[in-house]
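Here the structure comes first, spelled out in structure tokens, and everything after it is commentary.
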Amino acid sequence: MKRLTTGLALGCALVAAAAAAPAASALPGAATPGPTARPAISAEQAKADAMGHALRLDKRETLTVKDVISDPDGSTHVRYERTFAGLRVIGGDLVVHRDKAGAVRGVNWNASGKAEVPSTTPKLARSAALAQGARASKFSVQKSADELVVYAGSGTPRLAYDVVTTGVKADQTPSRLHTVVDATSGATLASWDEIETGTGNSIYSGSVSIGTQLSGSYQLKDPNRGGNYTTDLNGQTDPPVGTGPGGTLFTDADDVWGNGSTSDRASAGVDAHYGAQVTWDYYKNTHGRNGIFNNGTGVRSRVHYGNGYVNAFWDGTQMTYGDGSGNTHPLTEIDVAGHEMSHGVTENSAGLAYSGDAGGLNEATSDIFGTAVEFYANNANDVGDYLIGEKININGNGTPLRYMDKPSKDGASKDCWSATLGTLDPHYSSGPLNHWFYLASEGSGAKTINGVSYNSPTCDSSTVTGVGRDTAAKVWYRTLTTYLTSTSTYADARNGAIKAAKDLYGVGSTQCTNIAAAFTAIAVPATTETCGTSGGGGGGGANLLQNPGFKSGNVSWTTTSGVITNSTSATPRTGSWYGWLNGYGSASTDYAQQSVAIPSTATSATLSFYLKVSSAETTTTSAYDTLKAQVIDGSTTTTLATYSNLNKGSSYVLKSLDLSAYRGKTVTIKFLGTEDASLATSFFLDDTSVATS
């Protein structure tokens, strides 16, 4: 039996306009706190001027790197924001897709590829713009600020004022309302709100294990997840202007928190803290994302906001939860926590605006990942389902807030896409994408899952076969982080999801075909992207390996016993299955291998995989246990690289090896692990790839 070795080890309200005015995520360029620059971002920023020149941008435009995604085959996807003549460009975001040699393979522009304006001198007086923003807010107490910007969110770029009016809505929700005013005509070009509304004994999840920290007394602070911490607002609300209260950090003498009911204030704190913990773990273990900002930084959760506040929201830095009507049902259920934190993920990736189609995609993204988090938690007291907020009784009659199998059951959401969808509140225009996720995950028709009955129709009377929830979520995460921009439409979502499915599962794969069929089933028309071609948007060629991430279990690979596993004794990079070679603490040999045909027409071929090494060996000089990446060509075995206990670390590391010498051949890719009779070393493999260009 294997043993673990040392070292392994802007927001949106949940509720729609019926309860509170719709809130929104800032368009790219809006002032929101961001992560500390990661090395990949810093490296790309050094090349940003050269990229601007390659894209033939106006010399007055400057690119700022927001995010970088690297694929196993060496391809990169770099997300940029822009300034023009020193002015922030709202809606000027773009994603550049490059192959491993650095050549640009495609660009996802936002509404406009250009950001030039004929003049940076406004004709409209600043005072007129401020007054327009104040009128739009309708706050009784307010403070306004403005900034001269270039607005490129739709149509021809225009010089504009971004007026930010700060106040509090009638239902206690704080607001930072952006009103973009044309600096020439005085017309309102766009409007959105930065405030996105949306062992402990918890109210909804039962007795759970939570991360705490001892500092004199125990604190509801999680040192293993970026320092996530939870505070008690004790009825406070955010002031009309300025920064709201942080609340009082929950502390406890014996590290036993709450009593499972609202009679103990810590119970809601446990739910919020647990929800943040599970959401962090889901993104880390399933998608390789290191917290909301993807830089390892945690966030604060505030509970007991206001009096009878029937909402929860993300404001760009933290989650905040009300206690519900009569202060009897805190909005701290698992999928609500996942929903609000996912608004932060969207803000720090695609930055989907909170209007038009993009608003629906934004809101549905939080529902999708809130649902995925709830299933991931596998909590017997709050089992996974395709219902949003089913335990918080927000409607007062025991019904959930939203239904993913048939969104129209809530009386307002839409099941199918239409050209008028973007005129709706984002909580209702989210319906079609929620419907897509259910169909893509489970398929159409009647079925019962975890004791809940569903019956999902299609908009064209077709029959859809699901690809599984984990696969659908993985496809949507890649779509969000790699192919969408701030004003993306449902058509962009369809194209992006097809590209993502091909990147992950290959051209012509069943996964891609069914993902596309689910979009057809919600009435999103087919456009240029199909599952039968490699496309031009980036991501590199198709993965030639079958079951490359081991997510289908013991198929397609030949291995020694137990190498492909979903054991919870260790962690995969993504999903629940992974490769685990050696780790016995005794003399052993493990292997995993698969044959692959490399086309003779390829200009290059690359073997990529993610590797994590955990070892009880303490030596810094001797390689006692090894993993070899090999190619078997007929009777000849060639070792491409060797890794050992000297490579041990706490995280997965991407490895890429050249296979160009084997073009036109069918070869066997083999991972061979060898362990001596002494201390254990485990080699963990995930997300393998053989890709060509």
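Here region 302-332 is the region considered, the condition is being under 17 Å from ASP264 (Cα atoms) and outside any loop (DSSP other than H, G, I, E, B), and the residue that is farthest from the chain's Cα centre (by Cα) is GLY326.
The residue that is modelled with the highest pLDDT, among those in region 218-241 that are open to solvent by 40 Å² or more (accessible area, probe 1.4 Å) and in a strand (DSSP E or B), is TYR229.
For region 460-490, taking the residues that are touching a strand residue (DSSP E or B) at 6+ places or on another chain (Cβ under 9 Å) and in a helix (DSSP H, G or I), the one that is surrounded by the most Cβ atoms within 10 Å (Cβ to Cβ) is identified as TYR483. Number of residues in region 77-97 that are in contact with a Lys or Arg (Cβ under 6 Å, 6 or more places away or on another chain) and open to solvent by 20 Å² or more (accessible area, probe 1.4 Å) equals 2. Of the residues examined, GLY351 is not one that is small (Gly, Ala, Ser), closer than 21 Å to GLY244 by Cα and assigned to a loop (DSSP other than H, G, I, E, B). Taking the criterion of being of a type in the set (D, E, K, R) and either surrounded by fewer than 18 Cβ atoms within 10 Å (Cβ to Cβ) or within 30 Å of THR666 (Cα to Cα) (or both), the residues of region 593-652 that qualify are LYS612, ASP625, LYS628, ASP633. Can you tell me which residue is farthest from ILE498 (Cα to Cα) among those in region 439-459 that are touching an Asp or Glu at 6+ places or on another chain (Cβ under 8 Å) and open to solvent by 70 Å² or more (accessible area, probe 1.4 Å)? In this case the residue turns out to be ASN450. Of all residues in region 99-131, those satisfying the criterion of being over 37 Å from the mean Cα position of the chain (by Cα) and open to solvent by 80 Å² or more (accessible area, probe 1.4 Å) are PRO118, THR121, LYS123, ARG126, SER127. Regarding region 183-190, can at least one residue be identified that is part of a loop (DSSP other than H, G, I, E, B) and open to solvent by 50 Å² or more (accessible area, probe 1.4 Å)? Checked against the condition, which is being part of a loop (DSSP other than H, G, I, E, B) and open to solvent by 50 Å² or more (accessible area, probe 1.4 Å), region 183-190 yields at least one hit. Determine whether GLY673 is of a type in the set (Gly, Ala, Ser) and crowded, with 17+ Cβ neighbours inside 10 Å. For GLY673, the condition - of a type in the set (Gly, Ala, Ser) and crowded, with 17+ Cβ neighbours inside 10 Å - is met. Output the residue which, of all residues in region 425-438 that are farther than 16 Å from ALA521 by Cβ and buried (at least 21 other Cβ atoms within 10 Å of the Cβ), is nearest to the chain's Cα centre (by Cα). Once the filter is applied, the top-ranked residue is SER430. Of all the residues in region 39-65, those that are in contact with a strand residue (DSSP E or B) (Cβ under 6 Å, 6 or more places away or on another chain), of a type in the set (D, E, K, R), open to solvent by less than 40 Å² (accessible area, probe 1.4 Å) and not in a strand (DSSP E or B) number 1. Taken over region 151-174, the criterion of being open to solvent by 10 Å² or more (accessible area, probe 1.4 Å), assigned to a loop (DSSP other than H, G, I, E, B) and farther than 28 Å from GLY308 by Cα is satisfied by SER154, GLY155, THR156, PRO157. Within region 191-207, restricting attention to residues that are at pLDDT 80 or above and closer than 18 Å to ALA358 by Cα, the residue that is most open to solvent (accessible area, probe 1.4 Å) is SER191.
The values are calculated or read from the model by the stated rules, or taken from the named source; none is laboratory data. The structure displayed is predicted, hence computed values, not measured ones. Virtual Cβ from ideal backbone geometry, glycine too; neighbours counted across all protein chains shown. Each accessible area value is taken on the protein alone, full model and side chains, heavy atoms only, with ligands, DNA and RNA left out. Shrake-Rupley method; radii C 1.70, N 1.55, O 1.52, S 1.80 Å.
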